[in-house]
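Undergrad: Pasting a structure below so you can have a look.
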Amino acid sequence: MKDFRKSVVYQVYPKSFYDTNGDGLGDLNGVTEKLDYIKELGADYIWMTPFFVSPQKDNGYDVEDYYNIDPRYGTMEDFDRLAAEAEKRGIGLMLDMVFNHTSSRNEWFQKALAGDEKYKNYYIFRKGKENGEPPTNWESKFGGSAWEYVPAFDEYYLHLFDVSQPDLNWDNPEVREQVEAVVRFWMKKGVKGFRFDVVNLISKGSFEDDYEGDGRRFYTDGPNIHKYLQELNEKTFGAEKGIVTVGEMSSTSMENCFRYASEDGKELSMVFSFHHLKVDFAGNEKWVLVPADFQKLKKILFGWQSGMAEHHAWNAVFWCNHDQPRVVSRFGDEEKYWKQSAKMLGTAIHCLRGTPYVYQGEELGMTNTDFTDISQYRDVESINYYRILQEKGLRPADAFRIIQIHSRDNGRTPMQWDAGANAGFTTAEEPWIGVNANHTAVNAAAELADEDSIFHHYQKLIRLRKELDVIAYGDFAPVDEKNGQILAYKRSLEGHTLLVVNNFYGRPVKWTCPEELEGFSCILSNYPDSRVEREMELRPFESVVLYR
Ligand code: GLC
Ligand code: CA
């Protein structure tokens, strides 16, 4: 049985990973074919984003049928083969469970719309206000009202995401039973873990207008959330040893995460929180151009590191996923210091206390898209906001610039396997979403052949976590926290110390290490000749890991 604290998870977005039948969409067989690649990187688990039957309005986060594979991705036989082949390689599959909402095409919702009271109570229907407005002024996360009017009932249903993603009513015990049955079904298939999509939104509080924000304070980390997670745990994955779980926690608080991810194991193994990825937002407003606030980034990352440790709770640590821009474009310098900055960012995350997640292509230093026209985008949120920003008065070019920087499609272009046509992702003429032209330089084949590549740096980071207990289990302490250019921290365990020093900028910096460095040696760096000295001169994006 694996210890999730010593493990690393690789996230696969199957649609963009590898296409084996030439239809332009990645598929399950594509993941099976590339298992050796993931094995070579060193990952212990693969988190696969949803491949269940779905109209794909939100790329599978709109589930029509939780028990079947969408034919676009393959068949149940393909899935069984993938699970078996992964297991042979010592890799566990983690599936993505989307239970805050279903697709509107889900049988339950179809029955609800047909007026079946039992199924109406699976969802959240409410009367509008006297004045003809929706029940509350809450905004959907993808733009517009969170309520959709159904004339036949003269009622609205709640959808915190797209109109095609109605929210489930977790206060109905039958809904909870249905969800538990789904989890048990996939456990029986040999799945080793689960990621629960926006799971801290499942317990709705009071349905009130929000005069301070978009409504999230009324349904985030809601009144019964801990109860529901504990129940899910007891009735499903908690009953089997060795199942790893991670909850995606939208706009959460650390106090709640102490409980979600407590080592007592009553709820989940760990949590994703996103505050450190809003340092280039204006508050919660993502659709603006704001330079990343480095001090804020450190404060949040370090605050969560110390806070969660103090409360014996476990973090997932990450920069990237299918909802985030590429980190080398975001916090690094993809042009001048592509390799150095990608490696530095990898080091900064992987040596933290928590389970690291690597998102497909991150280990290659894949960058944001090179799209120049809105027609190239596929993501519902990006397309909506391109329109909404213009409705707010922005000129098309300015709206487009914001989409280019923040779009989720930045992380969704096809995996760059080689320098050939469509980066080796598909033999189809047109993949479902455009391939980045830089695949001629940024690709797996080139990096596997280069000892000094970003891929091999990530491979070393993953190996180090397995070799050094201090990385998996050590205490965390910030170092020179106020420094305006350096992100440094210390890990310690039973006389072993790890000191991680990262220059976060593309200019050199002189730095005096507050620690005595006697006995330390440099075990990892992103420059060929880093030395261990108290008076350091760190080069652009230089990153060193010192160990004693
Ligand atoms: C999560 C998923 C995202 C999806 C949303 C709604 O945030 O990661 O891709 O759009 O939930 O399911
Ligand atoms: Ca395919």
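Undergrad: Taking a ≥ b ≥ c as the square roots of the eigenvalues of the Cα gyration tensor of region 449-544, is the shape rounded (a/c under 1.5), prolate (a/b larger than b/c) or oblate?
TA: Values: a/c = 1.67, a/b = 1.03, b/c = 1.62.
The shape class here is oblate.
Undergrad: Oh, and also: Within the chain, what whole-number % of the accessible surface is contributed by carbon and sulfur, with the 1.4 Å probe and all protein chains included in the calculation?
TA: 48 percent
Undergrad: Here's a follow-up. Tell me the accessible surface of T440 in square angstrom (1.4 angstrom probe, heavy atoms of protein chains only), to the nearest ten.
TA: Taking all protein chains as shown, T440 has close to 90 Å².
Undergrad: Using a 7 Å offset from the Cα along the Cα-to-Cβ direction at both E130 and I374, what is the distance between the two label points in nm, to one decimal?
TA: Reported label-point gap for E130 and I374 is 4.0 nm.
Undergrad: Which value at 222 nm does the chain reach when only helices count, each DSSP H run of 4 or more adding -39,500 (n - 2.57), with the total divided by all residues and rounded to the nearest 500 deg cm²/dmol?
TA: Numbers: 16 runs with 152 residues, N = 548.
For the chain, the value works out to -8000 deg cm²/dmol.
Undergrad: While we're on this one: Between helix 338-350 and the chain, what is the angle of the helix's C-alpha long axis to the longest principal axis, kept within 0 to 90° and rounded to the nearest 10?
TA: So the helix axis and the longest Cα principal axis differ by about 70 degrees.
Undergrad: So for the pair L35, E310, with labels modelled 7 Å out along Cα→Cβ, what separation do we get in nm?
TA: 4.4 nm
Undergrad: Right, another one. At R0 = 22 Å, how high is the FRET efficiency between S521 and D450 if r is their beta carbon distance? Nearest 0.05 is fine. Could you put the intermediate results ahead of the total?
TA: Numbers: r = 25 Å, r/R0 = 1.13.
Once rounded, the FRET efficiency stands at 0.30.
Undergrad: Are any of the pairs K204/K286; K192/K339; K278/K339; K34/K189; K241/K298 more than 31 Å apart by Cα-Cα distance, and if so, which? Walk me through the numbers before you get to the answer.
TA: Details: K204/K286 24 Å; K192/K339 34 Å; K278/K339 24 Å; K34/K189 21 Å; K241/K298 35 Å.
Checking Cα-Cα distances, K192/K339; K241/K298 exceed 31 Å.
Undergrad: Follow-up. Please work out the FRET efficiency for the pair Q485 and N137, using the Cβ-Cβ distance as r and a Förster radius of 45 Å; give the result to the nearest 0.05.
TA: Working: r = 43 Å, r/R0 = 0.95.
In this case the efficiency is close to 0.60.
Undergrad: Just order 323-332, 364-373 by mean Cβ neighbour count inside 10 Å, highest at the front, would you? Intermediate results must be reported in sequence, preceding the final value.
TA: Details: 323-332: 22.8, 364-373: 20.1.
Order by mean packing, descending: 323-332, 364-373.
Undergrad: Once you list every other residue whose beta carbon is under 13 Å from the beta carbon of R465, what net charge do they have if Lys and Arg are +1 and Asp and Glu are -1? Please report the intermediate quantities before stating the final value.
TA: Values: positive: K2, R5, K6, R353, K460, R463, K466, R491; negative: D3, D44, E467, D469.
That works out to +4.
Undergrad: Moving to a separate point now. Relative to the longest principal axis of the C-alpha atoms of the chain, give the angle of the C-alpha long axis of helix 225-235, reported between 0 and 90° and rounded to the nearest 10°.
TA: Result, in degrees: 90.
Undergrad: Given axes a ≥ b ≥ c from the Cα gyration tensor, I'd like to know whether region 316-439 is rounded (a/c under 1.5), prolate (a/b larger than b/c) or oblate. Intermediate results must be reported in sequence, preceding the final value.
TA: On the way: a/c = 1.94, a/b = 1.29, b/c = 1.50.
Oblate, since a/c reaches 1.5 and b/c is not below a/b.
Undergrad: Going by a ≥ b ≥ c, the root eigenvalues of the Cα gyration tensor, does region 455-502 fall in the rounded group (a/c under 1.5), the prolate group (a/b larger than b/c) or the oblate group?
TA: Details: a/c = 3.48, a/b = 1.26, b/c = 2.76.
It comes out oblate by the Cα gyration axes.
Undergrad: Rounded to the nearest 0.05, what FRET efficiency do D209 and K188 have when you use their Cβ-Cβ distance and R0 = 51 Å?
TA: Numbers: r = 44 Å, r/R0 = 0.87.
Efficiency computed from Cβ-Cβ geometry: 0.70.
Undergrad: Moving on. Given points 7 Å out from each Cα along the Cα-Cβ axis, report the E391 to E240 separation in nanometres with one decimal.
TA: 4.4 nm
Undergrad: Next up: On a 0 to 90 degree scale, rounded to 10, what angle separates helix 454-467 from the longest Cα axis of the chain?
TA: Helix 454-467 sits at roughly 90 degrees to that axis.
Undergrad: May I ask what percent, to the nearest 5, of DSSP beta bridges between residues of the chain are antiparallel? Please report the intermediate quantities before stating the final value.
TA: Working: 39 of 64 bridges.
Antiparallel bridges: around 60 percent, rounded to the nearest 5.
Undergrad: Solvent-accessible area of E117, probe 1.4 Å, all protein chains present, reported in Å² to the nearest ten, please.
TA: Counting only protein heavy atoms, the figure is 120 Å².
Undergrad: Nearest-5 percent of antiparallel DSSP beta bridges in region 21-167?
TA: So the antiparallel bridges in region 21-167 amount to around 70 percent.
Undergrad: So, one more: Can you give the relative contact order of the chain as a percent, counting alpha carbon pairs under 8 Å and 6+ residues apart? Could you put the intermediate results ahead of the total?
TA: Values: 1155 pairs, mean separation 70.2, N = 548.
Relative contact order comes out at 13 percent.
Undergrad: What whole number of Å gives the distance from the Cα centroid of region 385-416 to the Cα centroid of region 107-157?
TA: 29 Å
Undergrad: Tell me the per residue accessible area of the chain using a 1.4 Å probe; a whole number in Å² is fine. The partial results should precede the final answer.
TA: Numbers: 20850 Å² over 548 residues.
Roughly 38 Å² per residue, with all protein chains present.
The values are calculated or read from the model by the stated rules, or taken from the named source; none is laboratory data. Quantities reported herein were computed from a predicted structural model and do not represent experimental measurements. Here Cβ is always computed from backbone atoms with ideal geometry, including for glycine, and neighbour counts include all displayed protein chains. In case anyone asks, the SASA skips ligands and DNA or RNA and just uses the protein heavy atoms, side chains included. Shrake-Rupley method; radii C 1.70, N 1.55, O 1.52, S 1.80 Å.
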